[in-house]
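The values are calculated or read from the model by the stated rules, or taken from the named source; none is laboratory data. What you see is a predicted model; the values in this text were computed from it and never measured. In this analysis, Cβ positions are derived from the backbone assuming ideal geometry, glycine residues included, and neighbour counts consider all displayed protein chains. In case anyone asks, the SASA skips ligands and DNA or RNA and just uses the protein heavy atoms, side chains included. Shrake-Rupley method; radii C 1.70, N 1.55, O 1.52, S 1.80 Å.
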Amino acid sequence: MKSLTKELWMNVPERRAIVSLHQEVADLVAESGVQEGLVLVNAMHITASVFINDNEPGLHRDYDRWLEELAPFDASPERYHHNRTGEDNADAHHKRQVMGREVVVGITDGKLHLGPWEHIFYYEFDGRRRKRVLVKIIGE
Amino acid sequence: MKSLTKELWMNVPERRAIVSLHQEVADLVAESGVQEGLVLVNAMHITASVFINDNEPGLHRDYDRWLEELAPFDASPERYHHNRTGEDNADAHHKRQVMGREVVVGITDGKLHLGPWEHIFYYEFDGRRRKRVLVKIIGE
Amino acid sequence: MKSLTKELWMNVPERRAIVSLHQEVADLVAESGVQEGLVLVNAMHITASVFINDNEPGLHRDYDRWLEELAPFDASPERYHHNRTGEDNADAHHKRQVMGREVVVGITDGKLHLGPWEHIFYYEFDGRRRKRVLVKIIGE
């Protein structure tokens, strides 16, 4: 069995933003030498997501508005118990559950096995600080 | 390490529908000869989901109404930026995030290791065309 | 390839509750002897979730209220078709989709490869009976 482990550092200057991880993950799969296997890509922080969807900026704006409707930012202690602890990011912990923590992608013939529009993204919900994403590849 | 890779073709005549993948995945696990391992089952398209839940038609109707409340179909360019690109399926990209892209299931003693009611489904949110699901099995 | 398979029994006396699985999963990874690999942790029942987020009781209360807004408990046959079958737990099948069925975590140097605040939890949405969680470890 072969494996490759890599932590990617993220540093998003805004509170929320979507950042492509696609090429970095594809490069790591090539570097691993794994021909048949799986790659796990996950946010190592609990106010961020890794997800696969369309590389289309309009859709990304739609996601942002939608998630704000489902779980609005509200720093006050009234809406979220979590924000009575001195935090202001309870909304981010909710948004991340909708978009998910991780993706697992097949590796076939040494490459990411993806459909035509599948694109791997990081979604930051509480940025302005350094965070990490784990890429873990196993296979043969 | 053993592996098996298979793309399943889907062709749902309606816009939205839930289709069982369960027997096909179970058969592929048997065909792979893997006794201990993991199987990844994921939609290769970004307006569809693979999920595990109850094989009960009433629940499937409930999901459909619920997802329509959370992210309504609206082909107009007003609600969704994505639909200003000529697409009408922005809602499908949202619904898929709630239901998820993929499932990962354990393989034990050569079989899917599932609870009594777990059933693997494909959820089409923008059908009337051919799409694929990836089944990737690794183990020993 | 090494593997370890373990079913954890849960028995939550309330309808809904969040229970830590973290130490048990960490101990199983140590017991497996796997140095590089993946661990899958999934609910084997379709009205429960396994998820990773913050070990902070205020946030857990926030999740509970939020999920009740997104998919309210309603035993009557009016709101949910599923509850016309004699069940009263349709809401639980919805809540579980938001929080997810499973997590996949990397194993590096024989340990769970997690960020500083990542904590593995079970979320029961229809308790008062025995249910299982699967821990499946593969690697080398």
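Which residues make up the longest stretch of chain B that has no trypsin sites (Lys or Arg not before Pro) in a DSSP loop with at most 14 other Cβ atoms within 10 Å?
The answer is B:1-127.
Just the number please: accessible area per residue for the range C:32-140, 1.4 Å probe, all protein chains included, in Å².
Per residue, the range C:32-140 has an accessible area of 31 Å².
Rg over Rh of the range B:53-100, using C-alpha atoms and the Kirkwood radius, what does it come to?
1.07
For C:Trp9, place a label point 7 Å from Cα along the Cα-to-Cβ direction in every copy; what are the distances to the other copies, in nm, shortest first?
4.9, 4.9
Could you check which residue among B:Glu124, B:Glu102, B:Glu56 shows the biggest mean-square fluctuation in a GNM of chain B with a 10 Å Cα cutoff?
Among B:Glu124, B:Glu102, B:Glu56, the largest GNM mean-square fluctuation belongs to B:Glu56.
Cα extents of the protein assembly as shown along the three principal axes, largest first, in whole Å?
Largest first, the protein assembly as shown extends 51, 48, 48 Å along its Cα principal axes.
Only sites in a loop by DSSP and with at most 13 other Cβ atoms within 10 Å count here; which GluC sites (Glu not before Pro) in the range B:1-30 make the cut?
Sites meeting the loop and neighbour criteria: B:Glu14.
What angle, in degrees between 0 and 90 and rounded to the nearest 10, separates the Cα long axis of helix A:57-70 from the longest principal axis of the Cα atoms of chain A?
Between the helix axis and the principal axis of chain A, the angle is about 50 degrees.
Among A:His45, A:His113, A:His81, which one moves the most in a GNM of chain A with springs linking Cα atoms closer than 10 Å?
A:His81
Where the label is 7 Å out from Cα toward Cβ, how close does A:Asp109 come to the same position in every other copy, in nm, shortest first?
3.8, 3.8
Cα atoms only: what Rg and Dmax, in Å, come out for chain B?
16.3, 53
What relative contact order, as a whole-number percentage, does chain C give when Cα pairs under 8 Å and 6 or more residues apart are counted?
This gives 54 percent for chain C.
Could you give the angle, 0 to 90 degrees to the nearest 10, between helix A:22-32's Cα long axis and the longest principal axis of the Cα atoms of chain A?
Orientation of helix A:22-32: about 40 degrees from the principal axis.
At a probe of 1.4 Å, how much accessible area disappears from chains C and A on forming the pair, both sides counted, to the nearest 100 Å²?
When C and A are taken together, about 2700 Å² of accessible area is lost.
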